[in-house]
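Engineer: Just passing along the structure, written as structure tokens.
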Amino acid sequence: MSGKPVNENSKNEQLEQYRTDDTGKHLTTNQGVKVSEDEFSLKAGVRGPTLMEDFHFREKMTHFDHERIPERVVHARGFAAHGEFQVYESMKEYTKAKFLQDPAVKTPVFVRFSTVVGSRGSAETVRDARGFATKFYTEEGNYDLVGNNIPVFFIQDAIKFPDLVHSIKPEPHNEMPQASAAHDTFWDFVANNQETAHMVMWAMSDRAIPRSLRMMEGFGVHAFRFVNEEGKARFVKFTWKPLLGTHSLVWDEAQKIAGKDPDFHRRDLWEAIENGDYPEYELGVQIIEEEDEFNFDFDILDATKLWPEEEIPLKIIGKMTLNRNVGNVFAETEQVAFHPGHVVPGIDFSNDPLLQGRLFSYTDTQLIRLGGPNFHELPINRPVCPFHNNQRDGYSRQTINTSQVAYHRNSLANNTPAPASPAQGGYQHYQEKVEGRKVRARSDSFKDHFSQAALFWNSMSEPEKKHIIEAFSFELGKVMNESVRQQVVDMFANVNVELAAAFAQNIGAVPPTSGGSGVTKSSPALSQENKVKKPETRKVGVLIDKDFSADEVQQVLSELNSKGIQTAIVSTQLGNVTAADGTELQVDFTFSTSHAVLFDALYAVGGKGENKQFKTEASNFVNEAFMHYKAIGATQEGKKLLEDTMILSPGVVIQEDGSSFAESFIEAITAHRHWDRQVV
Ligand code: HDE
């Protein structure tokens, strides 16, 4: 691309140059030779040996043999989409980054979401952090914000990353468990590396089982720096806030979805974009003046600490909209290479020792994963602005550099390509003053591991606390080694005694009698119960049997749809289901091709036809949805599917004469879950 101004279409136009559609074309070899036969290899006689000279067979088989590349060592399972980012108002006061100056500019972005631990083929609703990595294709080069959906990390120093990952990946002797932290080595690591306490609290919370990639927050985790035109720097943390609010599954449901639909999150994202329900996230920044660096009761360079929004307000500065699915998962999602060191002028680093180590790791990993130093030339990774330097050659080089010189300084090319001054847009590292002895050590200011873990616990609503206790009980219940279980109990007694005592009992450990952090503060922004709740894009399963009353169903469906709620008809067979007045509705799923766990709510309609199979299967759906605290609406014969105990329960909406059923049902769906329901 030449120096054309960047707009929201720039990346798509660039990718267009590489797209190929083979439909309707002749089959050729990679050398362009037309192939006349693609079913039989070349043989000496019909029953004879295959011949070496069969270049088509050799080329086809060799290419196939090399189709796989190493999966990412972490974040292997991921899914991505294209979109655009627009700043709400100029951020000139804080940063000179061009893409944050002009609200009229739309910057193309590519976002890859991921689980961390599981392999490329693992299920998506496992208990884990989620990666949230964004590549901004700006006019000044690519900027990558490589974050997670949890604002803190397990460790404080990058040198411990290989240890952390070895402990959480499947155990080496038997490669179990896949995509899970519920095993001895992980919890042994936790208990013996107590800086993990805060992140473990998040990992045991509902945040680790998001309802949707469209309904989770994203965090840059580290302190970065904004630097403005005058050279003034401030510390900054980045947060993505989804406009649909932040919502989770319940653990039993998450485990069942892992079997019923291992692609649950990618399907949800893909379908939302195909339906035009574009996921939106606002970008927030928290800014700390340099002179305030030491004014907090935590070290702002410590990645196991968040910056409470109540103390350091989150300023919403722009919005990202994901509006296009990928055309080819390998070419885009798999080959995209993120790097926290991909920054543009106006964005700089802090001395967070976790961030500093990441700045090394990401290029290194792409070299092995993408097979050499030219991965920046892959279509998905190319900047949309021009790029020139004296780097040359290497595996799979695509650029044809035609100039005679490839060195600096030179006279033959008039000393070009020439470094640009900061005024010309050249990146200048912030000239922070540093001094100190070379030491392998950790600052004392990094040594409080429990206060923010307690802050998180204090900030949770009662149902969220209950879920955390259940998560510890589940995970540690899978740990074989009794000593490890006890060590974890003893460790979390430092966070909160009631918490540790509650799960100790469930895992046969000795409950602590004393402990606690002494922290009484809480941060309401941390509880999901305080987040936005909206009905849009929620999925409702409509359980219908023949001889239902069409008028009423059609009216309810149209009211739900008018609020952006999606409905799917579920019955015993595919085809049409016929109402008492002969109206036909098309069935989207049978009870065996869907499941209650795949819906946010159920609308039980039933039908006058006394179909036993329908009754059994629909009742199972209703029971399951009830157990998972979901909204259930019942009208007509559907009311008979509800057990007596459900009838007066919160979130169960039954049509009574004269009541506005649809309105109450929509309200119940919007609430997301009804935790005050008695579930046995
Ligand atoms: Fe990563 N991380 N990471 N990480 N990370 C990778 O890079 C690493 C950390 C994150 O969708 C790897 O290309 C180290 C924190 C995301 O392609 C690797 C340390 C956060 C993704 C790597 C961390 C992240 C990665 C593996 C500790 C949240 C997926 C494949 C110092 C802020 C990006 C790859 C994608 C991927 C190293 C810690 C986020 C090996 C050494 C903290 C979202 O380079």
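Nothing in this text is a laboratory measurement; each read-out follows from the coordinates by a stated rule. What you see is a predicted model, and the numbers here were worked out from it, not measured in a lab. Every residue, glycine among them, receives a Cβ derived from its backbone with ideal geometry; neighbour counts consider all protein chains shown.
Engineer: Please give the length that would be gained between ASP393 and THR416 if that part of the chain were fully extended, namely 0.36 nm times their separation in residues minus their C-alpha to C-alpha distance (nm, one decimal).
Structural biologist: Working it through step by step, the gained length comes to 6.4 nm.
Engineer: Scattering from the C-alpha atoms of the range 284-343 alone, worked out with Debye: what is log10 I(q)/I(0) at q = 0.17, 0.19 1/Å?
Structural biologist: Summing over Cα pairs of the range 284-343 leads to -0.83, -0.90.
Engineer: Taking the Cβ of each residue in PHE298, PHE224 as the centre, tally the other Cβ atoms inside 10 Å and list the residues starting with the fewest.
Structural biologist: PHE298, PHE224
Engineer: A 28 angstrom limit on the alpha carbon distance is what I want to check against. Which of LYS232/LYS521; LYS260/LYS615; LYS539/LYS639 exceed it?
Structural biologist: In this structure, LYS232/LYS521 exceed 28 Å between Cα atoms.
Engineer: Counting only C-alpha contacts under 8 Å and six or more residues apart, can you give the relative contact order of the range 277-360 as a whole percent?
Structural biologist: Relative contact order, the range 277-360: 37 percent.
Engineer: Let me ask something else. Net charge around ASN9, counting only other residues with Cβ within less than 11 Å of its Cβ (Lys, Arg = +1; Asp, Glu = -1)?
Structural biologist: 0
Engineer: Equivalent ellipsoid semi-axes for the chain, as square roots of 5 times the alpha carbon gyration tensor eigenvalues: give them largest first, rounded to whole Å.
Structural biologist: So the three semi-axes of the chain are 44, 37, 27 Å.
Engineer: Can you pull out the trypsin sites (Lys or Arg not before Pro) in the range 32-117 that DSSP calls coil and that have at most 16 other Cβ atoms within 10 Å?
Structural biologist: ARG47, ARG68, LYS92
Engineer: Let me ask something additional. Can you give me the Cα centroid spacing of the range 72-135 and the range 498-559 in angstrom?
Structural biologist: Taking the Cα centre of the range 498-559 as reference, the centre of the range 72-135 is 26 Å away.
Engineer: Next up: Trypsin sites (Lys or Arg not before Pro) within the range 393-461: which are DSSP loop residues with at most 13 other Cβ atoms inside 10 Å?
Structural biologist: ARG409, LYS433, ARG437, LYS438, ARG440, ARG442, LYS447
Engineer: Would you calculate the separation in nanometres between label points at PHE296 and ILE316, each defined as 7 Å from the Cα along the Cα-to-beta-carbon direction?
Structural biologist: Rounded to a tenth, the inter-label distance reads 2.2 nm.
Engineer: How big is the range 429-470 by the Kirkwood estimate over distinct Cα pairs, in Å?
Structural biologist: 14.2 Å
Engineer: Please report, in whole Å, how far the alpha carbons of the range 101-232 spread along each principal axis, starting with the longest.
Structural biologist: Over the range 101-232, Cα extents along the principal axes are 53, 31, 25 Å.
Engineer: Using a Förster radius of 56 Å, what is the FRET efficiency between LYS612 and ASN9 based on their Cβ-Cβ separation? Nearest 0.05, please.
Structural biologist: With R0 = 56 Å, the Cβ-Cβ based efficiency is 0.50.
Engineer: Computed FRET efficiency, Cβ-Cβ of THR402 and SER660, R0 56 Å: what is it to the nearest 0.05?
Structural biologist: 0.20
Engineer: Exposure proxy check: ASP352, ASP263, ASP38 ranked by fewest other beta carbons within 10 Å? Kindly include the intermediate steps, with their values, before the conclusion.
Structural biologist: Details: ASP352 23, ASP263 14, ASP38 10.
Ranked by crowding around the Cβ, least crowded first: ASP38, ASP263, ASP352.
Engineer: Give a residue-ordered list of calculated ³J(HN,Hα) values for the range 256-266 (Karplus: 6.51 cos²θ - 1.76 cosθ + 1.60, θ = phi - 60°; whole Hz; x for Gly, Pro).
Structural biologist: Rounded to whole hertz, the list is 5, 4, 4, x, 6, 8, x, 9, 3, 6, 5.
Engineer: With an 8 Å cut-off on Cα pairs and a minimum separation of 6 or more residues, tell me the relative contact order of the range 533-670 in percent. Don't jump to the answer; show the numbers that get you there.
Structural biologist: Details: 277 pairs, mean separation 35.8, N = 138.
Once divided by the residue count of the range 533-670, the mean separation gives 26 percent.
Engineer: Please work out how much length the chain gains when fully extended from THR50 to VAL33, using 0.36 nm per residue of separation minus the C-alpha to C-alpha distance, in nm with one decimal. Walk me through the intermediate numbers first.
Structural biologist: Working: separation 17, 0.36 × 17 = 6.12 nm, distance 2.05 nm.
So the chain would gain 4.1 nm between THR50 and VAL33.
Engineer: To the nearest Å, what is the center-to-center distance of the range 1-64 and the range 324-402, using C-alpha atoms only?
Structural biologist: 26 Å
Engineer: How high is the relative contact order of the range 78-377, in percent, with contacts defined as C-alpha pairs under 8 Å that are six or more residues apart?
Structural biologist: Over the range 78-377, the number comes to 24 percent.
Engineer: Between GLU498 and PHE64, what's the calculated FRET efficiency when r is the beta-carbon distance and R0 is 56 Å? Round to 0.05. Intermediate results must be reported in sequence, preceding the final value.
Structural biologist: Working: r = 58 Å, r/R0 = 1.03.
Step by step, r from the Cβ atoms, then E = 0.45.
Engineer: What does the charge dipole of the range 450-529 about its Cα centre add up to, to the nearest 20 debye, if the Cβ of each Lys and Arg holds +1 and the Cβ of each Asp and Glu holds -1?
Structural biologist: For the range 450-529, the charge dipole is close to 100 debye.
Engineer: Along the charge dipole of the chain, which of VAL542, ALA303, TYR427 sits closest to the positive end, that is, farthest toward it, with unit charges on the beta carbon of Lys, Arg, Asp and Glu (+1, +1, -1, -1)?
Structural biologist: Selected residue: TYR427.
Engineer: At q = 0.13 Å⁻¹, work out log10 I(q)/I(0) for the range 450-529 with the Debye formula, treating every Cα as an identical point scatterer and leaving solvent out; two decimals please.
Structural biologist: Each listed q corresponds, in turn, to -0.37.
Engineer: With a cut-off of at most 11 other beta carbons within 10 Å, and DSSP calling the residue loop, which chymotrypsin sites (Phe, Trp or Tyr not before Pro) in the range 7-56 qualify? Please list them.
Structural biologist: PHE40
Engineer: Quick one: check the C-alpha center-to-center distance for the range 571-606 versus the range 181-222, whole angstrom.
Structural biologist: Each part's Cα centre sits 38 Å from the other's.
Engineer: Fully extended, how many nm does the chain gain between LYS640 and TYR427 (0.36 nm per residue separation, minus their Cα-Cα distance)?
Structural biologist: 69.8 nm
Engineer: While we're on this one: Name the residue from VAL489, THR321, PRO242 whose Cα lies farthest towards the positive end of the charge dipole of the chain, charges +1 on Cβ of Lys and Arg and -1 on Cβ of Asp and Glu.
Structural biologist: THR321
Engineer: Now for a different question. Above 29 Å lies some portion of the pair distances; for the range 78-377, what is it as a whole percent of all C-alpha pairs?
Structural biologist: Looking at the range 78-377, the distances longer than 29 Å represent 34 percent of pairs.
Engineer: Another one. Please give the net charge around HIS26, taking every other residue with its beta carbon less than 13 angstrom from that of HIS26, where Lys and Arg add +1 and Asp and Glu add -1.
Structural biologist: -1
Engineer: When a/c is below 1.5 the answer is rounded, else prolate if a/b is larger than b/c, else oblate, so apply that to the range 533-670 with a ≥ b ≥ c taken from the square roots of the Cα gyration tensor eigenvalues.
Structural biologist: It comes out rounded by the Cα gyration axes.
Engineer: Compute the signed sum of charges (Lys and Arg +1, Asp and Glu -1) over the other residues within less than 13 Å, Cβ to Cβ, of ILE155. The partial results should precede the final answer.
Structural biologist: Numbers: positive: LYS160, LYS305, ARG358, ARG442; negative: ASP157, ASP163, GLU195, ASP302, ASP352.
Within the 13 Å Cβ shell, the charges total -1.
Engineer: Separate question: Can you sort ILE273, ILE544 by how many other beta carbons sit within 10 Å, fewest first?
Structural biologist: Arranged by neighbour count, lowest to highest, ILE273, ILE544 become ILE273, ILE544.
Engineer: Is the C-alpha gyration tensor of the range 451-592 telling us rounded, prolate or oblate? Criteria: a/c under 1.5 is rounded; beyond that, a/b larger than b/c is prolate, otherwise oblate.
Structural biologist: It comes out prolate by the Cα gyration axes.
Engineer: So how strong a dipole does the range 482-595 carry about its Cα centre when Lys and Arg Cβ are +1 and Asp and Glu Cβ are -1, to the nearest 20 debye?
Structural biologist: Computed charge dipole of the range 482-595: roughly 640 debye.
Engineer: Would you calculate a helix-derived [θ] at 222 nm for the chain, using -39,500 (n - 2.57) for each DSSP H run of n ≥ 4 and dividing by the full residue count, to the nearest 500?
Structural biologist: -7500 deg cm²/dmol
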